[in-house]
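> The structure's right below; bear with me while I get my questions together.
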Amino acid sequence: MARPVLYITSSDYAVRTGGYVYNSRLVQMLREQGLDLETHCLGQGFPVIPETERAALARRLAALPAHTLLLMDHVYLGRLLELFRQMPHPIAAIFHHSDVMEHGTGSDEKGKRLFEAERASLSRADALLVTSNETARYVREQYGFSAPPIHVAVPGNDPVLRTAVGDFAANGGPRIISIGAIIPRKRYDYILDVASHLKNPDWSWNVVGDPSRYPGHLLRLQEKVEHLGLSDRFRFLGDVADEELETLWQASDLYVAASHYEGYGMAIAEALRHGVPVVSTASGAVSTWAKAGVTSAPAEDAEAMAQEIDRLMSAPTLLREFGDLAWTFGQTLPSWAATFTGMDAWLNGIRRPATARDGSRP
C-alpha cells in the first residue's frame, strides 16, 4: 500500500518559473501514479513565512502518521527548518538550484550565510530530487551530501508546434525572447548591455517573467532601458498567460540567456522543443545537456555576444539551419511522463534513519 505524502507549497510561488512548473507536473504525475498525496498550501512563502502559517502547518503535521512523507521545494525546508526538526516525518526535498546561486555569489557575506543555512537545511532531508546531474554534483561537492539518496529527474516537456524562425518579413524584423523571473541571477543587466551593441536595425526583444521579486532591480533595469534608448524595442512583459506565451514563441526567431547559473534551464529546453535557436552563456547545467541548436556566448563580453546574435539575425538561412538543429534535438528531450516514471516507487522507499532522533541526519 502506498504511503501517504503531504506536498508543501505556497500560494505565492511564481507560476512563470521552471521550479513551479516542475513541481506542479510532479504532483500531477504522482497522483496519476496512485499516490495518496495531499497538499498543504501556505498563504505566504516568500520572503518569509508568517508565524500564523507556521502554527497551522505544525498542527497539521502533528496530526499526521509519523511515516507520512513530506515533499517540498527545498526553499521551504530551509525556512521551516526548526519546525521540521521537531517532527519525525521523512522529508524529500526538491532541489532546483542553490539559494547561494539565487541570491548571492558564494564569496560575499550574504552568500556565506546562505551557504551555512542551506547546509543546515539539507541535513534534515532524507532524500533529494534534483533536475540534472550537474545539480547532483554540486550538492555532493559543496555540501558533502552523500548519505541521503539523490534522484535525478530532468524536466519533461509537452508537445508543441514548431516555430517558423527566420520569417523576418512577417514579424517586422528579427524577434528575440528571454524567459525568467526578473532577478539578478538572470543577468538582464548584462543582456541589456548586449542589446545596446546589436547592429541589426530591426530587432525587438521580449522578456517574460515574474517582475515582483526584486522591485528595485526591475526599476533599475527599466531605467537602463530608457538610458540606452531601447524603449521601443526591449520590453519587460511580466507574467503572461500560457496562450500568450505560445503566441510569443511562434513569433520568435532566437532565444537568448545569460544567467549566472541554471540548475537545468527549462526555458532553453522549451526553446529547442519549438525549434527556436538559442544563444546562451555557460550557466551551470545547460552546457552539460543542450547538445544542438545552441550557440555558446561569452559571459563577460557584451559586444562579442552581440556580434554572435547579429551573425545569426543577419542570415535568415543560417538561422533556419540552427532552427532545424534545435527542433531535431528538442524532439529527443523527454516527456513529463517519462521524466517521472517510477517516482512513486522511489518516494515509497524513503525512510527516516532510526538514529536521527534530533531532527537532523547523524
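> Please go through (1) in contact (Cβ under 8 Å) with a residue 60 or more places away in the chain; (2) out of contact with any Leu (no Cβ under 9 Å at 6 or more places or on another chain) for Arg119 and return the number of the only condition it doesn't satisfy.
Just one mismatch for Arg119, condition (1).
> Of all residues in the stretch 87-143 being within 17 Å of the chain's Cα centre (by Cα) and assigned to a loop (DSSP other than H, G, I, E, B), which is nearest to Tyr7 (Cα to Cα)?
His96
> Sticking with this one: Working only within the stretch 54-73, note down all residues that are at pLDDT below 95 and surrounded by 19 or more Cβ atoms within 10 Å (Cβ to Cβ).
Once the filter is applied, which keeps residues that are at pLDDT below 95 and surrounded by 19 or more Cβ atoms within 10 Å (Cβ to Cβ), the stretch 54-73 yields nothing.
> Can you name every residue in the stretch 1-24 that is of a type in the set (Phe, Trp, Tyr) and either in contact (Cβ under 8 Å) with a residue 24 or more places away in the chain or on the phi > 0 side of the Ramachandran plot (or both)?
The answer is Tyr7, Tyr13, Tyr22.
> Any residue at all in the stretch 169-187 that's under 17 Å from the mean Cα position of the chain (by Cα), without any contact (Cβ under 8 Å) to a residue 60 or more places away in the chain and not assigned by TED's automatic domain parsing to the domain that holds Arg31?
So far as the stretch 169-187 goes, yes, one or more of its residues are under 17 Å from the mean Cα position of the chain (by Cα), without any contact (Cβ under 8 Å) to a residue 60 or more places away in the chain and not assigned by TED's automatic domain parsing to the domain that holds Arg31.
> Another question about this same structure. Only one of these conditions is not met by Gln307: (1) closer than 18 Å to Gly18 by Cα; (2) in contact (Cβ under 8 Å) with a residue 60 or more places away in the chain; (3) part of a helix (DSSP H, G or I). Which number is it?
If we test Gln307 against (1) closer than 18 Å to Gly18 by Cα; (2) in contact (Cβ under 8 Å) with a residue 60 or more places away in the chain; (3) part of a helix (DSSP H, G or I), just (1) comes out false.
> From the set of residues in the stretch 74-86 that are in a helix (DSSP H, G or I) and more than 21 Å from the chain's Cα centre (by Cα), which is surrounded by the most Cβ atoms within 10 Å (Cβ to Cβ)? Let's see the steps before the verdict.
The initial filter retains those residues of the stretch 74-86 that are in a helix (DSSP H, G or I), namely 74-79, 81-85.
Still in the list and also more than 21 Å from the chain's Cα centre (by Cα): 81-85.
Numbers: Leu81: 17, Glu82: 10, Leu83: 16, Phe84: 25, Arg85: 14.
My answer is Phe84.
> Sticking with this one: Pull out all pairs, ordered by first then second residue, where Cβ-Cβ is under 6 Å, the residues are six or more apart or on different chains, the first lies in the stretch 94-108 and is within 20 Å of Thr9 (Cβ to Cβ) and at pLDDT 60 or above, and the second is charged (D, E, K, R) and surrounded by 21 or more Cβ atoms within 10 Å (Cβ to Cβ).
Between residues of the stretch 94-108 that are within 20 Å of Thr9 (Cβ to Cβ) and at pLDDT 60 or above and residues that are charged (D, E, K, R) and surrounded by 21 or more Cβ atoms within 10 Å (Cβ to Cβ), the close pairs are Ile94/Asp73; Asp99/Glu118.
> Among what's in the stretch 137-168 and is among the charged types (D, E, K, R) and closer than 22 Å to Val286 by Cα, pick the residue that is surrounded by the most Cβ atoms within 10 Å (Cβ to Cβ).
Arg162
> Applying the selection to the stretch 243-288, what residues are charged (D, E, K, R) and either closer than 25 Å to Leu318 by Cα or under 16 Å from the mean Cα position of the chain (by Cα) (or both)?
Narrowing the stretch 243-288 to residues charged (D, E, K, R): 243-244, 246, 253, 262, 270, 273.
The answer is Glu246, Asp253, Glu262, Glu270, Arg273.
> Going by what's in this entry, would Gly359 be described as modelled with pLDDT under 95 and in contact with a Phe, Trp or Tyr (Cβ under 7 Å, 6 or more places away or on another chain)?
In short, yes.
> Just to verify a result, which residue in the stretch 51-73, among those that are of a type outside the set (D, E, K, R) and within 25 Å of the chain's Cα centre (by Cα), is farthest from His96 (Cα to Cα)?
The selected residue is Leu69.
> Could you identify the single residue in Leu35, Leu42 that is crowded, with 19+ Cβ neighbours inside 10 Å, farther than 26 Å from Thr135 by Cα, at pLDDT below 95 and not small (Gly, Ala, Ser)?
Leu35
> Mind checking which residues of the stretch 144-190 are out of contact with any Lys or Arg (no Cβ under 6 Å at 6 or more places or on another chain), under 30 Å from Asp126 (Cα atoms) and in a strand (DSSP E or B)?
Ile150, His151, Val152
> Looking only at the stretch 285-295, decide whether some residue is touching a helix residue (DSSP H, G or I) at 6+ places or on another chain (Cβ under 6 Å), closer than 22 Å to Asn23 by Cβ, touching a residue at least 40 places away in the same chain (Cβ under 8 Å) and of a type in the set (Gly, Ala, Ser).
Yes: one or more hits.
The values are calculated or read from the model by the stated rules, or taken from the named source; none is laboratory data. Being a predicted model, the structure only gives us computed values, none of them experimental. Note that we place each Cβ from the backbone using ideal geometry, even for glycine, and neighbour counts take in every protein chain shown.
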